[in-house]
1. Just tell me how shielded A:170-176 is by partners: mean number of partner chain Cβ atoms within 10 Å of each residue's Cβ, no decimals.
2. Each label point is 7 Å from the Cα along the Cα-to-Cβ direction; what then is the distance between the points at B:T173 and B:S73, in nm?
3. Using bins 5 angstrom wide from zero, how does P(r) for the range A:100-185 break down, in % of all Cα pairs?
4. Using just the Cα positions, wrap the range A:43-184 in a convex hull and report its mean projected area in square nanometres, one decimal place.
5. From other protein chains only, count the Cβ atoms within 10 Å of every residue's Cβ in B:98-111, then give the mean.
6. Return the average number of partner chain Cβ atoms within 10 angstrom of each residue Cβ along peptide A:58-68.
7. Rank-order A:89-96, B:27-34 by packing density, defined as the average count of other C-beta atoms within 10 Å over each peptide's residues, highest first.
8. With N set to the number of residues, divide the alpha-carbon radius of gyration of the range B:42-180 by 2.2 N^0.38 Å and report two decimals.
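Just so you know, all these numbers are worked out from the coordinates, no wet-lab data involved. Just so we're clear, the structure is a prediction, and the values are computed from it rather than from any experiment. Cβ placement follows ideal geometry from the backbone for every residue including glycine, while neighbour counts extend to all protein chains displayed.
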Amino acid sequence: MKNYARIRTLMLTGLLLASVALTAQTTATGTINATLINKSGIALVFDSDPGGVALGNTGTAAASLNFGTVSAFGPLSAGVTRPTVLAGSYTVRTLFDVNVLQGGGGSPNYTLSANLAAAAPVGFSYAVDAVTLTTAAQNVQTNGAYGTDVQHSLNLTISTAAPGAGGPAVGAPLTTTINFTATAN
Amino acid sequence: MRKLTLIAIATVMFAMVSSMAVAQAGNTASGTLTVTATVNSSINLVFNSDAAGVALSSGAGTNAATLAFGNVSAFGAIAAGITRTVVAGTSFTVSTPVDVLVTKSNSTSANYTLKAQLGAADATNTWGVAGNTVTSASAATITATGTYGSNAAEAVAITIPFTTASGSVISNTINFTATSN
């Protein structure tokens, strides 16, 4: 009788444990350790400035800017000004924006440099803001703000000399490529 | 021991953050801007006061100047810079030189032609520039071989009949046009 009671107790205990075990099988938990390496990066695009000529391919890193027809004394396209006319040269100017975007970085600002891809056409000289461009990169700005259009001026100084005498060719488009590089500080 | 562990963890974390910052500082992005311009030749005309003439009362150095002879008469006092000739019993002429400066840019033109024309007809007085009668009917050629970049003194003259009433104000506009040759 005593053994029977023990057996019954053991069986009940077993059933209880089994039911607990069965109940436990309905849920499961797990942990996945995922690792993400967030690499910082920056991107540069050109935007049209409201005060300048409209850029071709604005909003991209490969834009075009056309001054249109320029002369020392004649009319200029909208967005182009002529701040100086001297005996030996005159300057036409327009505005454009550079927007440098930052992703995943802690850089406070950027340095913008620019250079001519090749020597300027005869009689032409380019400057971004106050920096006269050459084929060697030069800093245009050392504390550019990320994520906003930063206005820059593009100044084209043209010799008044006649074609063949140190002046530029007339009546035909003259094209130059300017390379810009933004470096995170 | 526990303190040492905490210091070690903090040091490792600082080193990681520092290395991240260094990595960010070198990031670069580039873009190209293709710039085009078409140059045209052009010329420009401005008026300047001539040292021997009446000073322009306004607009010197521009292409819209004003020349005021002031009070003129056949026999009375005349202002400095004005030359007067009288045709007895008929009329008198007052004249003063004005400099015309034509400049060129990006041009192979050797010289220019200068023409002048009155802005409004004047049936009473006779106007002239550099010895050429100027009317409103058509443009008179002042010179066919103007030199660029040099002030050219052009005498502006008005011939006034004796019949003109005293106190009459004589005013007109002379339009000058330079054309590159």
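1. Numbers: counts 9, 5, 2, 4, 5, 5, 5.
Whole-number average of other-chain Cβ neighbours for A:170-176 is 5.
2. 3.2
3. 3, 14, 20, 19, 15, 11, 7, 5, 3, 2, 0
4. On the way: hull surface 33.8 nm².
Answer in nm², one decimal: 8.4.
5. Values: counts 0, 0, 0, 0, 0, 5, 4, 16, 17, 8, 6, 1, 0, 0.
Counting Cβ atoms of other protein chains within 10 Å of each residue's Cβ and averaging gives 4.
6. On the way: counts 0, 0, 2, 5, 5, 5, 5, 5, 5, 5, 3.
For peptide A:58-68, the averaged partner shielding equals 4.
7. On the way: A:89-96: 21.4, B:27-34: 18.8.
Top to bottom by mean Cβ count within 10 Å: A:89-96, B:27-34.
8. Working: Rg = 15.5 Å, N = 139, 2.2 N^0.38 = 14.3 Å.
Working it through for the range B:42-180, the quotient is 1.08.
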